[in-house]
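A short worksheet on the structure shown next.
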Amino acid sequence: GDSVTQMEGPVTLSEEAFLTINCTYTATGYPSLFWYVQYPGEGLQLLLKATKADDKGSNKGFEATYRKETTSFHLEKGSVQVSDSAVYFCALSDLTGNQFYFGTGTSLTVIP
Amino acid sequence: DAGITQSPRYKITETGRQVTLMCHQTWSHSYMFWYRQDLGHGLRLIYYSAAADITDKGEVPDGYVVSRSKTENFPLTLESATRSQTSVYFCASSRQGANYEQYFGPGTRLTVT
């Protein structure tokens, strides 16, 4: 079945460091791919998405590119801030758009 | 703009009791979803609804019942709660399905003793 695998955390970075959170997927066909973010005590928010191969999603300095050949959707940011501390979830929706699968989440802490 | 709300925010119940978690959205979104969040599993889809009176199973539906008589409400019922259902439950809504942005509620933390 469809699934998402993302790198284990927690990840701790200093402010202004480069961030990469790895995400790979297994799916039939070409699913849509997402990154959601969960700030402490809150529900999830959509960070970015990509719906087809080679698409790049971007938002708030974060980027991720839909790589069909490596079945990956890695999240990157060039310079993290303390306010980026949160849990990041990679996810996919299946071809029907009804079933949705999250990765296990990666906790990021950014220290000043 | 109330958005999407869940109630209660915290609930403690005993094994075998029936519990209903409420979800209400003010956007008239067609789709609504219930997820549970557990350490080591991320979020897993329990049930979703494409419209009023249309519901379908997600990845982990066993032990749960849903209904959707009105577009804005999507209650989740645990008919006979078990300890394994201790979790944080999130409701979400979307204009046109999971391919589109989902808007999440604040969550309900349920403890089954």
**Fill in**
Inter-chain shielding metric for B:88-98, i.e. average beta-carbon neighbours from other chains within 10 angstrom, reads 3
**Message:** So if each residue of separation counts as 0.36 nm, and I subtract the Cα-Cα distance between A:Ala17 and A:Thr96, what length gain in nm does that give?
**Reply:** 24.6 nm
**Asked** In vacuo Debye scattering of chain A, one point per C-alpha: log10 I(q)/I(0) at q = 0.11, 0.18, 0.20, 0.23 Å⁻¹?
**Response** -0.32, -0.83, -1.01, -1.30
**Asked** B:Lys70 versus B:Gln96, label points 7 Å from Cα toward the beta carbon: distance in nm?
**Response** 2.7
**Request:** Provide the percentage of antiparallel DSSP beta bridges, counting only those with both residues in the protein assembly as shown; round to the nearest 5.
**Result:** 90
**Complete:** Expressed as a whole number, the average count of other chain Cβ atoms within 10 Å around the Cβ atoms of A:99-107 is 6
**Prompt:** Once you charge only the Cβ atoms, +1 for Lys and Arg and -1 for Asp and Glu, what is the size of the charge dipole of region B:1-103 about its Cα centre, to the nearest 20 debye?
**Reply:** 180
**Item:** Ratio Rg/Rh [Cα only; Rh per Kirkwood] for chain B
**Value:** 0.94
**Item:** Electrostatic dipole magnitude of region A:1-97 [Cβ: Lys, Arg +1; Asp, Glu -1; Cα centre; debye, to 20]
**Value:** 220
**Complete:** In chain A, lysine pairs 8 or more places apart or on different chains with C-alpha atoms under 18 Å apart total 7
**Request:** Would you be so kind as to identify which of B:Pro61, A:Tyr101, B:Leu76 lies farthest towards the positive end of the dipole of the protein assembly as shown, taking Lys and Arg as +1 and Asp and Glu as -1 on Cβ and the Cα centre as origin?
**Result:** B:Leu76
**Request:** Using the number of other C-beta atoms within 10 angstrom as an exposure proxy, rank A:Ile21, B:Ile12 with the fewest first.
**Result:** B:Ile12, A:Ile21
**Request:** Calculate, for A:Ser85 and B:Ser84, the FRET efficiency according to 1/(1 + (r/R0)^6) with r their C-beta to C-beta distance and R0 45 Å; round to the nearest 0.05.
**Result:** 0.90
**Prompt:** By how many nm would the segment from B:Arg109 to B:Arg17 grow when fully extended, if each residue of separation counts as 0.36 nm and the alpha-carbon distance is taken off?
**Reply:** 31.5 nm
**Prompt:** Across the protein assembly as shown, how large is the tail of the calculated P(r) beyond 27 Å, expressed as a percent of all Cα pairs?
**Reply:** 33
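Every number here is computed from the coordinates shown, using simple stated rules; none is lab data. Being a predicted model, the structure only gives us computed values, none of them experimental. Because the Cβ atoms are built from the backbone with ideal geometry, glycine has one as well, and the counts that use them run over all protein chains shown.
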